[in-house]
Amino acid sequence: MIFYPTKRELMDAILEVLKSENTMSTSEIDNAVAIKLNLSEEHLSEESSNCYRMRWARTELKQRHLITNPKRGTWILL
């Protein structure tokens, strides 16, 4: 059975990894979050629901004005 982190866990991890860098690409965030949460390669495949959940977590953080993407595929902490 595959463990999927909650949306809150993903959002917290995204914020933590962005605190360590000024600017990160989407793939850098995904990889850093995967390491932080001990996720497997299977979790990060394009078809996985976890990849979809990571996108939604970034979108919600953007809507809450905690992060932004000044250009496509690049994210910064506000």
#### Entry: Local electrostatic count, residue 58, Cβ distance below 13 Å [Lys/Arg +1, Asp/Glu -1]
+2
#### Entry: Crossing angle, helix 7-20 versus the chain [Cα axis fit, 0-90 degrees, rounded to tens]
50 degrees
### Query
In a Debye calculation with equal point scatterers on the alpha-carbon sites of the chain and no solvent, what is log10 I(q)/I(0) at q = 0.17, 0.18, 0.25 Å⁻¹?
-0.57, -0.65, -1.26
### Query
If amide H atoms are built 1.01 Å from N in the plane of the peptide, which residues on other chains or at least 5 residues away come under 5 Å of the amide H of residue 67?
62, 78
### Angle in degrees between helix 26-36 and the longest Cα principal axis of the chain, rounded to the nearest 10
60 degrees
### Query
Helix 49-63 versus the longest principal axis of the chain: what is the Cα-based angle in degrees, 0 to 90, to the nearest 10?
20 degrees
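Here, each number is a calculation from the coordinates, and none is a lab measurement. As the structure is a computational prediction, the values presented were derived from the model and not from experiment. Neighbour counts run over all protein chains shown; Cβ positions are idealised from the backbone, glycine included.
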